[in-house]
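Visitor: So that we are looking at the same thing, I have put the structure below in structure tokens.
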Amino acid sequence: MDNELRKTLIDYMNSLDILYGFTECRKFIELYDYLKIKSDRRYLTEFESLDIEDRINPFLYLENGETIISIAVPYYRENSSYNQMFSKYTQGEDYHKVVLSYLEKISHFIELSGYEYRLFCDTNNLPERYIAYLCGIGHIGRNSMVYTSKYGSYVFLGEIITNAKLSMKNSCEYYEKKFNDIGLFEKCGICNKCLHRCPNKVLFDKNFRCCVSNLTQQKKLGLHDIEGLNGMIFGCDICQDKCPKNKNVEYSSIDRFDALEFIKNISDEDIVNMNNSFFKKNFKKVACSWRGKKILQRNSLIKNRYNKDFLCRLSLENNDELNNYKNLFLDNNFEE
Ligand code: B12
Ligand code: SF4
Ligand code: SF4
């Protein structure tokens with residue numbers, strides 16, 4: 001074990017308002033059956049790889065990996081819930097950039113010590129929540145979120161895989177047990193609030209294809225999905241906001257996550273009518289732009305599907321897809 005580097009990293013990470021932990025780099029074999037069952041039941045969202053090896057094998061990312069460092073970056077700011085149509089995580093600066101900037105600062109010390117490393121946040125197939133849990137960052141709730149005791153579940157996750165030895169090794173039995181323990185949801189106790197408050201009742205069998213967050217990000221929606229958006233433009237926070245474990249948690253000290261001015265005041269009409277330059281100037285800074293302008297406009301239109309005045313005011317001549325939705329909603333067959 002490189003104790004000196006470990007100490008340097010711990011000292012440095014303690015100076016940042018984030019949480020962190022270390023686990024050995026290994027194949028997460030204990031996840032195989034869980035992921036296979038999900039795949040067989042066709043419960044995978046389009047954001048998950050069909051290749052299980054890709055999801056459980058960190059050596060595909062760094063062949064000689066020894067350690068994974070997981071970090072949890074808190075994002076809940078006092079003004080995070082400004083705009084109820086957008087999930088809290090999309091109202092400030094794009095978290096991919098923010099988390100990456102922390103990972104880069106931390107990995108600087110690894111580089112100085114002559115080791116190799118790879119950085120990840122979200123845009124990878126590794127099980128980031130499971131890794132955070134193994135690193136001791138927190139527990140996993142019945143809503144599948146990683147909960148920290150300081151910031152609740154309002155944290156983003158990021159990882160560094162390195163060939164520096166910074167963590168202890170454990171047996172297969174240890175990991176089997178760690179994985180099976182998740183399913184006991186000991187920290188949740190008898191609570192099952194999130195299961196019942198989830199608008200689409202996703203959490204009973206964890207088919208996240210019907211999750212509002214997933215639906216708002218779909219390029220194509222079926223008619224039956226329209227109600228499933230639950231009036232949201234992007235993301236969903238209900239299972240976190242209703243959770244008692246998120247009461248009285250600390251706010252994040254990272255002001256980069258403050259809700260941006262444009263999103264605080266934007267109206268549904270502004271969204272449907274926005275042009276490319278408005279989208280690029282504003283939405284490109286936040287995390288809900290990655291699927292493009294059209295899905296935000298469509299979701300805003302769907303939110304207002306029973307508001308005939310709103311629909312009639314819109315001029316969507318140059319946009320066939322939105323126009324089709326508008327005509328569908330104005331059709332008498334589409335009544336509340
Ligand atoms: C695909 C994806 C989604 C999909 C599917 C979500 C899902 N729950 O699977 C959709 C689009 C719906 C989604 C939504 C959201 N997401 Co998302 N998403 C991902 C992504 C890219 C992959 C997740 C994945 O592999 N899911 C598949 C399942 C199998 O894995 P899992 O949830 O990690 O589950 C593990 C444990 O929870 C545990 N487990 C759970 N239940 C049980 C039950 C039993 C019996 C057992 C034994 C184990 C067990 O085992 C699993 C093993 O990996 C990750 C980034 C990444 N690479 O990990 C981000 C990630 C999970 N998302 C994140 C966030 C913030 C969200 C949202 C809150 C965004 C929002 N506000 O709208 C919601 C939350 C919805 C929810 N309640 O989970 C964060 C989570 C941070 C945290 N504190 O947990 C991540 C880690 C991104 C990041 N880098 O910060 N997301
Ligand atoms: S994010 Fe919303 S739709 Fe998805 S599981 Fe949580 S409450 Fe349900
Ligand atoms: S609402 Fe209750 S069951 Fe759901 S994650 Fe929070 S404590 Fe657990």
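The values are calculated or read from the model by the stated rules, or taken from the named source; none is laboratory data. Worth saying up front: this structure is predicted, and the values here are computed from it rather than measured. Every residue, glycine among them, receives a Cβ derived from its backbone with ideal geometry; neighbour counts consider all protein chains shown. Keep in mind that these areas ignore ligands, DNA and RNA; they rest on the heavy atoms of the full protein, side chains included. Shrake-Rupley method; radii C 1.70, N 1.55, O 1.52, S 1.80 Å.
Visitor: Largest first and in whole Å, give the semi-axes of the range 164-235's equivalent ellipsoid, each being the square root of 5 times a Cα gyration tensor eigenvalue. Could you put the intermediate results ahead of the total?
Guide: Numbers: eigenvalues 240, 64, 22 Å².
In descending order, the three semi-axes are 35, 18, 10 Å.
Visitor: Can you flag which of Lys88/Lys284; Lys105/Lys284; Lys97/Lys201; Lys88/Lys285; Lys264/Lys285 are past 22 Å Cα-Cα?
Guide: Result: Lys105/Lys284; Lys97/Lys201 exceed 22 Å.
Visitor: Taking the mean number of other Cβ atoms within 10 Å as a proxy for protection, how do you rank 205-217, 9-21 from highest to lowest?
Guide: Taking the mean over residues of other Cβ atoms within 10 Å, the ranking is 205-217, 9-21.
Visitor: With r as the distance between the Cβ atoms of Asn14 and Leu50 and R0 = 56 Å, compute the FRET efficiency 1/(1 + (r/R0)^6) and round to 0.05.
Guide: After rounding, the FRET efficiency stands at 0.90.
Visitor: Only Lys, Arg, Asp and Glu count, each charged at its Cβ (+1, +1, -1, -1), so figure out the dipole size of the chain about its Cα centre, rounded to 20 debye.
Guide: About 580 debye.
Visitor: On to the next question. If you count only protein heavy atoms with a 1.4 Å probe, what accessible area per residue comes out for the range 3-182, rounded to a whole Å²?
Guide: Details: 8160 Å² over 180 residues.
Per residue, the range 3-182 has an accessible area of 45 Å².
Visitor: Oh, and also: Separation between the Tyr32 and Cys191 pseudo-spin-labels, each 7 Å from Cα along Cα→Cβ, expressed in nm?
Guide: Going from the Tyr32 label point to the Cys191 one covers 3.6 nm.
Visitor: Continuing with this model, one more query. Counting only helical runs of four or more DSSP H residues, what would the 222 nm mean residue ellipticity of the chain come to if each run contributes -39,500 (n - 2.57) and the total is spread over all its residues? Before the final figure, lay out each step's value.
Guide: Numbers: 15 runs with 121 residues, N = 336.
For the chain, the value works out to -9500 deg cm²/dmol.
Visitor: With the Cα gyration tensor of the chain giving a ≥ b ≥ c as the square roots of its eigenvalues, does the rule (a/c under 1.5 for rounded; else a/b larger than b/c for prolate; else oblate) give rounded, prolate or oblate?
Guide: Note, shape of the chain comes out prolate.
Visitor: Kindly express, to the nearest 10 degrees and within the range 0 to 90, the angle between helix 95-112's C-alpha long axis and the longest C-alpha principal axis of the chain.
Guide: 20
Visitor: Next up: About the Cα centre, and with charges only on the beta carbon of Lys, Arg (+1) and Asp, Glu (-1), how big is the dipole of the range 37-158? Nearest 20 debye, please.
Guide: Values: 12 positive and 16 negative charges, 133 e Å.
Computed charge dipole of the range 37-158: roughly 640 debye.
Visitor: Quick one: which of 226-238, 274-286 comes out on top by average Cβ neighbours within 10 Å, and what's the full order, highest first?
Guide: The most tightly packed comes first, giving 226-238, 274-286.
Visitor: Taking R0 as 22 Å, what FRET efficiency do you get between Tyr43 and Lys177 from their Cβ-Cβ distance, rounded to the nearest 0.05?
Guide: For R0 = 22 Å, the calculated efficiency reads 0.35.
Visitor: Does the range 1-128 come out rounded, prolate or oblate by the C-alpha gyration tensor, with a ≥ b ≥ c the root eigenvalues, rounded set by a/c under 1.5 and, if not, prolate when a/b is larger than b/c and oblate if not? All intermediate terms of the calculation are to be shown ahead of the outcome.
Guide: Working: a/c = 2.37, a/b = 1.06, b/c = 2.25.
It comes out oblate by the Cα gyration axes.
Visitor: Moving on to the next point. Considering only DSSP beta bridges whose two residues both sit in the chain, what percent are antiparallel, to the nearest 5?
Guide: Here the antiparallel bridges make up roughly 95 percent for the chain.
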